[in-house]
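A short write-up of the structure that comes next.
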Amino acid sequence: MDRADESWSLFMTTSRKLWIAGVLLAGAVSYLAYAGAQQGWVYYVSVDQFTQDRQQQKHRVRLMGRVSADHLLLQSAQLRAAFDIESDSNRLPVEYKGTIPDLFKAGADVVVEGKLNSAGIFEADVLLTKCASKYDPKHPTTEKRS
């Protein structure tokens, strides 16, 4: 009987170790999924909404607006751009570090993602441009209804 008890004891400890390892692995995966989802949730707001809401200015956000023609400085070799993003009634200075899209120019509709610094400049690390109208169909399709 000692041998049977010994093998049963060995089985229980191996089983228990696997169970504990499985629980720890599931917990780690759950935590990483939760942390990734928290970082991935970024608000999408207009420049007008952002400038009026002090609470949003404390967090990382996505802003949509138009690149102002008044202030646009491109340093493609250094992967930097400084510009103002504007909407209907407000304007916000932006400093971007990263690859500059080919369609980026004054008057282009853009989305920037980042955070407002203490100097009031929006520091962006993501810059997306809206596709140009050349990708829109030249002749909209019309359906005849009978």
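Every read-out reported here was derived from the displayed coordinates using simple, explicitly stated rules and does not represent laboratory data. Just so you know, these numbers come straight off a predicted model, no measurement behind them. Here the Cβ is made from the backbone with ideal geometry for all residues, glycine too, and neighbour counts use every protein chain on show.
Bridges between two residues of the range 43-132, per DSSP, are antiparallel at a rate of about 80%. Between Leu24 and Gln57, the distance separating the two model label sites (each 7 Å from Cα on the Cα→Cβ line) works out to 4.7 nm. Modelling each spin label as a point 7 Å along the Cα-to-Cβ direction, I'd like the Ala77/Lys17 distance in nm, to one decimal. Modelled inter-label distance: 6.1 nm.
Sorted by average packing, counted as other Cβ atoms within 10 angstrom per residue and highest first, what order do 62-69, 96-103, 47-54 take? List each step's numbers first, then the result.
On the way: 62-69: 19.1, 96-103: 14.0, 47-54: 16.2.
Result, highest mean Cβ count within 10 Å first: 62-69, 47-54, 96-103.
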